[in-house]
Amino acid sequence: MLVVKEIHKSFGGVKALRGASLKVERGSIVGLIGPNGSGKTTLFNVISGFCPKDSGQVHFKGERIDHLPSYEIAMRGLSRTFQTSRVPRGMTVLENMLLAYKGQIGEGVFGALFRGGRTSKQEKVNLKKALSILELLGLRNSRDEYAGDLSGGQQRLLSLSRILASSPELILLDEPTAGINLTLVTELLKLIKHFQVEESKTFLIVEHNMRVISEICDMVCVLVSGKDIACGEPEKIQKDERVLKAYLGAVQRDSKEDLE
Amino acid sequence: MGGDWALFLAGAVSLAGIYVIYTLGLNIQFGFTGLANLGYVAFFAIGAYASVILSMPRPGPDVAYIVGYGLPMWAGMIGGSLAAGFFALLIGIPTLKIGEDYFVVVTFAFSEVLRYVLINEKWLTNGTTGFYGLERPFGKFFSGRNYEFFFLFLIVVAVIIAYLVMRKICNSPFGRLMKGVRENEPVCLALGKNIYRVKMKAFIVGAMFAGFAGSLYARYTTLVVPEMFIPYFTFVAWLSLMIGGRGNNKGAILGCFIFVLADQFTLFVQASAAYAVRLASLRAFIMGALLIIVLRWLPAGILKEKKVTYR
Amino acid sequence: MLTILLQHTVFGIVTGSILLLATIGFSMIYTTKRFLCISHGELLTIGAYTTYIFHVFLGWNLLYSGVIGVVITSLVGLAIARGLYEPMERHGPLVLLFTSVGVTFCLHGILEFIAGPSIRSFRTPILPSIRVGGIPLITMNEIVIISIAMGSIVFLHVVLTRTRIGKAFRAMASNVDLAMARGIDTARISMFVWIYASAMAAVAGILLALVTSVNPDLGWTQILIILAAAILGGLGSIYGVMIGAILLGVVMDVGVIFFPSGYRAAIAFALMIIVLLVKPKGIFGGE
Amino acid sequence: MFRRTRIVRRVLVVGLSLALLAGLSVGVARAEEVRFGVLTSLSGPLGTEGKPCFETIQWTVEEINKFGGPLGMPIKLFVADTATDVERGITGARKLITMDRVINIIGPSSSIVVAIMKFCADNEVPIISHWSGSTRLTTSGGEYQFRTCPDDYFEGEVAARFMWDEGFRKAAVITLDTEDTISISDALKKRFAAMGGEVVVDEMVVGGQTTYRTAARKVLAKRPDVLFPAIDLDTLKIVYRELYEMGITFTVVLASNAVQQATMDIVGADILEGVYGEKPANALGSPGYAIFEQKYREHMEDGMVGWFTPNMYDAVNLMALAVEVAGEATGKGISENIRKVANSPGIKVYSYAEGLAHLLRGHEINYEGASGSCDFDEFGNVLGYARIQQAKGGQWVDIKFYSSEDLAEAIR
């Protein structure tokens, strides 16, 4: 479904990515790991169009997408979350959710002014869908709270549910479990699994937490210094000599600045 | 005291009403979408000039300007707001994609350049002489005092229409989208929203409101000259919006009324040569201080942005 | 034609030199504080007025008065930053920008309240221009202005590359969070920035008042052109801004050979917009 | 106890009667005062120039009130500052007319006159301006709008005439981009060319620039005989100094706004030596001007007669005399009677006192003022009178006089 080929990217002389490649099969959950500063987030940014690449290719559903602007990529069904939980703080949970739906007639000035009937019909449908997702993620009771007033964990859940509402096919999650408590992590993993199985969504997840990786990922790719050094099933990767060595080595070398 | 309060207030409220429409436009640009337009007065000026030029009769041989289309006044007003919107499009193309700070500077510079153009391009704008003795809408049908109240009525109708249109836009999914762009651009991009287009639409709609307000203002003052459209006007809209409450259309209305009426009542302080200059500088000081105070201690304004709930 | 070009270029360099002094401070504030400090223009006015008070009212030597003016202005600049900008920093650049607009109105109001709107002038002797090949090219005053501008570039360069605080400033300019993480005392640098920037503004204001006049609008009329120079050179690039300022001065004064003088300022803004279209981060920005 | 109540009672009685008296006197004063509205620039772009004009109104009214005021009622001034801003001018006029019920509006600048004209006419309140020279007003007035200053066109004409008379044939013009300066310089260019002169440089400049060397260079390069800078004082300061530095080789004639004492201080008396300037005023030795000048010296600290102050003085006097003739303190009355005091036929009078004296005796009068003969044409304009002055030893010295009759003759 997603094929990333030989991506190079440097920032003012610092090479963040040197030929990173990746493959994600439809319906799978793929983990992306690597030491700090190995370029995981940069790779995410390149794939999702937030950051132009220097060279290389990204194919999604058989089409090249590496020249497209980020919103185009999102429109084609590839959505992402952000490492630091970014939420539109001044909007309520429901507003956050309703923002996500695609193809809203009322999102143009003309539609807003003159197609009130169809707009409100659409709003009703979307509202129903949004509420059911919120229900699933346990956010229904905070539907009218400002997103900025939610706890960190809830904000993460909101990011996830908002992405789900935008009905993507491939979801890029950037450290979804960072900074949330253990029970919530378990809950979250269940949800991801649920969406993989029930709604046949595909996931690509950047993660530090090995437990998460081994628990839900079908495949794991390891990125070190901007290059993928191994891909495979979690059990295999955990035992892979190269990975361990590179991983530990990189950690010891007091990695350079995190480039994100 | 035997003053004619009714007539005085008719004038003051008409003026406040024009400011309301003007500030509503800034509210959609800044309050909803977060576009810090420091050259907002430019669109006001374009609206005023375009509406006048469109409805001026064809010029005779002894004047400096050569343009004048003789359209009816209402067509001029529509044309004025369209022209303002068109210029917003032109300014938006290069600036909305680059950073916020660049947008601020370019819009600011645009409002100044526009004033130079208004002064220098005599063939179009009649230079510093401007256009004067402008007719007022339906002016033929009413006499003196009555007309002032009729004009007030027209302005009130215009304000109500403008408010309803703005409310419809802001309560729609488009309003939500603008807020999303203001709050968090990357999130909107990740949701597949073309934020550039959203900003552009908000910028154009806001400019059209400014243009419409400008075309009304030209009929209130009965003249347009370049010296009327100084950066101070931009500041007035900003201050009204900040005081009233950004992101809240009712706040914009409240802010304008507070600002214009307070300003009107300073007229009741008898001016004297010794203090007039001091008073004028004091006004500038108070306005500046008010902005600082509101930003610091009342950042949401008097009327906070309304929480949107869905049933 | 060539002599005309030469003459106008020299005029432009003088224009640019004053602009440079005014813009450096603005740019220093932008590189560390990341907001457009509109009130910077008013510091030019304060510098001019304080110097005027000591020079004309108290009859001091212009140089001494100037030094006192610079000192007072930098203290005023620091006080404004401490009292009004720093408490607002957490609200982001836009709120700071608007605060600075408010500060501009306040300062302008206070200055006009105290000094009145009338224009005043320094009592400096007016000497004929120095002629080169029969054409009047430059005056002694202007040579002094150019020298001060060049001197201040060199001085700033030395400060930024040789002193600890200068190096720390550069570190902070490139990445505030990182600088903080590395234990750089950002509060001290902030103080340095505000004092240095305000002092530069005062110098610019005094020189500007020497060639024009002391009036309450002195700084306000400059701020837009300061913004244009900063954008042209690249926001956040100190050295770029220096070149941007000189370039803007020259383009404005050479431009009026071909365009009506009424468009002199408009030429500057047009150049700015064209540069933004071609190179969105300014000529030297964004590397 | 007893004493205390007596004291209380006495205080009460005195207090009450005082209050009654005060109330009465206020009531009386209200009924018997003539309400003049002053709407002029006390701040903003014309604030500095507006101040002496406003002070002139004040002392002129004081003088008038010494005689008991028109119809024996003292004039009370209601003042609004326009800040030289159109919108504030409009709101100020509306307030003066609706709330203060003034019977006239004195002193607005051109754009504001244009903006309030209709409202004032609707409410039968005449406007009289002492400095609205704009050509926009040439044919707009007559009934409720008058001006005691000549058209800007006249100033340009005077300067052109003077330049031609002095034998200059190649003129350079630098114009600031404001309405009045542009009208003046347009008139000058047109007239000078019509006389046979040549305008070799015509530069328009923007205010607030740090240098005008480029414009100065263009002027110097063409080697004109004379330069006419139609610019404000701030700009003149820079332009003139830069020209001086680069070597002035020609004569300079200044527009009226620069012919002030302040110019000597700001630009420098030493480098201005020998420069000419034109300003609106009545002829040398005219009794109207002499009386005015003497009074001006009495009341004002600044020795030199301020820009357009004679015109302001005349405007106030005419208004007061018109009320006297009308027999009622109304705007309509002024509008209908102002020509009876300003124009011939009638005995020529040169001050308010003299005019009043004749009116009381039932004579018809013709006011001849400090600024000129003050005869209104059908559109409420007066004919222009102007003096040419020259900077000599830090003073402006009269050297020549032009009336519109002179110019009309010369043109023919």
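The values are calculated or read from the model by the stated rules, or taken from the named source; none is laboratory data. Predicted, not measured: the structure shown is a model, and the values here were computed from it. So basically every Cβ, Gly included, is an ideal-geometry build from the backbone, and we count neighbours across all protein chains shown.
Okay, residues lined up against (1) at pLDDT 95 or above; (2) at negative phi; (3) not hydroxyl-bearing (S, T, Y):
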residue	(1), (2), (3)
B:S172	no, yes, no
B:I195	no, yes, yes
B:K201	yes, yes, yes
B:F212	yes, yes, yes
B:L216	yes, yes, yes
B:T222	no, no, no
B:P231	no, yes, yes
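Screening D:I291, D:I271 for residues that are hydrophobic (A, V, I, L, M, F, W, C) and buried (at least 17 other Cβ atoms within 10 Å of the Cβ) leaves exactly one candidate, D:I291.
Filtered by the rule that a residue be within 8 Å of chain B (Cβ to nearest Cβ) and within 17 Å of D:K51 (Cβ to Cβ), segment D:72-84 gives D:V79, D:A80, D:D81, D:A83. Based on what the data block shows, is D:G369 touching a Gly at 6+ places or on another chain (Cβ under 9 Å), in contact (Cβ under 8 Å) with a residue 12 or more places away in the chain, within 19 Å of D:T135 (Cα to Cα) and not polar (S, T, N, Q)? In short, no.
Within segment A:69-87, residues that are more than 7 Å from chain B (Cβ to nearest Cβ) sit with their Cβ atoms under 6 Å from residues that are assigned to a loop (DSSP other than H, G, I, E, B) and of a type in the set (A, V, I, L, M), at 6+ positions apart or across chains, in these pairs: A:I73/A:I65.
For segment C:132-165, the candidate set comprises residues that are of a type in the set (S, T, Y), under 24 Å from C:V211 (Cβ atoms) and part of a helix (DSSP H, G or I); within that set, the residue that is modelled with the highest pLDDT is C:S147. Restricting segment B:284-298 to residues that are more than 7 Å from every other protein chain (Cβ to nearest Cβ) and in contact with a helix residue (DSSP H, G or I) (Cβ under 7 Å, 6 or more places away or on another chain), which is nearest to C:L94 (Cα to Cα)? Residue satisfying both the conditions and the ranking: B:V294. Suppose we filter D:A290, D:A281, D:A258 for residues that are under 30 Å from D:A342 (Cβ atoms), of a type outside the set (S, T, N, Q) and out of contact with any strand residue (DSSP E or B) (no Cβ under 8 Å at 6 or more places or on another chain); which single one remains? Residue meeting the stated conditions: D:A290. Against the condition away from chain C (no Cβ under 12 Å) and more than 21 Å from the chain's Cα centre (by Cα), how does D:D225 come out, does it pass? Answer is yes for this residue. Tell me yes or no: at least one residue of segment C:272-284 is crowded, with 22+ Cβ neighbours inside 10 Å, modelled with pLDDT under 90 and either at positive phi or out of contact with any helix residue (DSSP H, G or I) (no Cβ under 8 Å at 6 or more places or on another chain) (or both). Yes: segment C:272-284 contains one or more residues that are crowded, with 22+ Cβ neighbours inside 10 Å, modelled with pLDDT under 90 and either at positive phi or out of contact with any helix residue (DSSP H, G or I) (no Cβ under 8 Å at 6 or more places or on another chain) (or both).
As for segment C:126-137, it holds at least one residue that is away from chain B (no Cβ under 14 Å), more than 22 Å from B:L38 (Cβ to Cβ), in contact (Cβ under 8 Å) with a residue 60 or more places away in the chain and hydrophobic (A, V, I, L, M, F, W, C). Please return the ranges of helices (runs of 4 or more DSSP H) entirely within segment A:18-137 where 1 or more residues are under 18 Å from A:K227 (Cα atoms) and touching a strand residue (DSSP E or B) at 6+ places or on another chain (Cβ under 9 Å). Filter on segment A:18-137 gives A:40-47. If the condition is being within 11 Å of chain B (Cβ to nearest Cβ), closer than 20 Å to D:T178 by Cα and in contact with a strand residue (DSSP E or B) (Cβ under 6 Å, 6 or more places away or on another chain), then segment D:96-134 contributes D:V113, D:V114, D:A115.
Taking every residue in segment A:133-145 that is over 21 Å from A:H194 (Cα atoms) and pairing it with any residue that is among the aliphatic types (A, V, I, L, M), at least 6 positions away or on another chain, the pairs with Cβ-Cβ distances below 6 Å are A:S142/A:V93; A:R143/A:V93; A:R143/A:L94; A:E145/A:V93.
Determine whether B:E135 is more than 8 Å from chain D (Cβ to nearest Cβ) and in contact (Cβ under 8 Å) with a residue 24 or more places away in the chain. So B:E135 fits the description; yes.
Conditions tested, residue by residue: (1) modelled with pLDDT of 95 or more; (2) outside any helix (DSSP H, G or I).
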site	(1), (2)
C:L6	no, no
C:I18	no, no
C:I24	no, no
C:T31	no, no
C:F35	no, yes
C:L44	yes, no
C:Y49	yes, no
C:I53	no, no
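In the set (1) within 30 Å of D:S403 (Cβ to Cβ); (2) outside any loop (DSSP other than H, G, I, E, B), D:W131 fails one condition alone, (2). Residues of segment C:86-103 that are more than 7 Å from chain B (Cβ to nearest Cβ) and touching a helix residue (DSSP H, G or I) at 6+ places or on another chain (Cβ under 6 Å): C:L96 alone.
Just checking: which of the strands (runs of 3 or more DSSP E) contained wholly in segment D:158-246 hold 2 or more residues that are surrounded by fewer than 20 Cβ atoms within 10 Å (Cβ to Cβ) and in contact with a strand residue (DSSP E or B) (Cβ under 9 Å, 6 or more places away or on another chain)? The qualifying strands (runs of 3 or more DSSP E) are D:198-205. Restricting A:M97, A:M75, A:M91 to residues that are under 30 Å from B:G175 (Cα atoms) and in contact with a Gly (Cβ under 6 Å, 6 or more places away or on another chain) narrows the list to A:M75. Number of residues in segment D:384-408 that are crowded, with 18+ Cβ neighbours inside 10 Å, within 20 Å of the chain's Cα centre (by Cα) and within 17 Å of D:G274 (Cα to Cα) equals 4.
Would you check if C:A228 is facing chain B (nearest Cβ under 9 Å) and either surrounded by 19 or more Cβ atoms within 10 Å (Cβ to Cβ) or over 17 Å from the mean Cα position of the chain (by Cα) (or both)? Criteria met by C:A228. Being part of a helix (DSSP H, G or I), among the aromatic types (F, W, Y), within 10 Å of another protein chain (Cβ to nearest Cβ) and surrounded by 16 or more Cβ atoms within 10 Å (Cβ to Cβ) holds for only one residue in B:F151, B:F87, B:F110, and it is B:F110. Residue pairs whose Cβ atoms lie under 8 Å apart, separated by 6 or more positions or on different chains, with the first residue in segment A:179-201 and touching a residue at least 40 places away in the same chain (Cβ under 8 Å) and of a type in the set (V, I, T) and the second assigned to a helix (DSSP H, G or I) and surrounded by 14 or more Cβ atoms within 10 Å (Cβ to Cβ), are A:I192/A:I216.
No other residue among B:A64, B:A16 is touching a residue at least 24 places away in the same chain (Cβ under 8 Å), part of a helix (DSSP H, G or I) and in contact with a helix residue (DSSP H, G or I) (Cβ under 9 Å, 6 or more places away or on another chain) apart from B:A16.
Scanning segment A:136-194 for residues that are within 14 Å of chain B (Cβ to nearest Cβ), charged (D, E, K, R) and closer than 26 Å to A:V4 by Cα turns up A:R162, A:E169, A:D174. When the residues of segment D:63-87 are filtered to those that are on the phi < 0 side of the Ramachandran plot and free of Cβ contacts under 8 Å to residues at least 40 places away in the same chain, the one that is surrounded by the most Cβ atoms within 10 Å (Cβ to Cβ) is D:V86.
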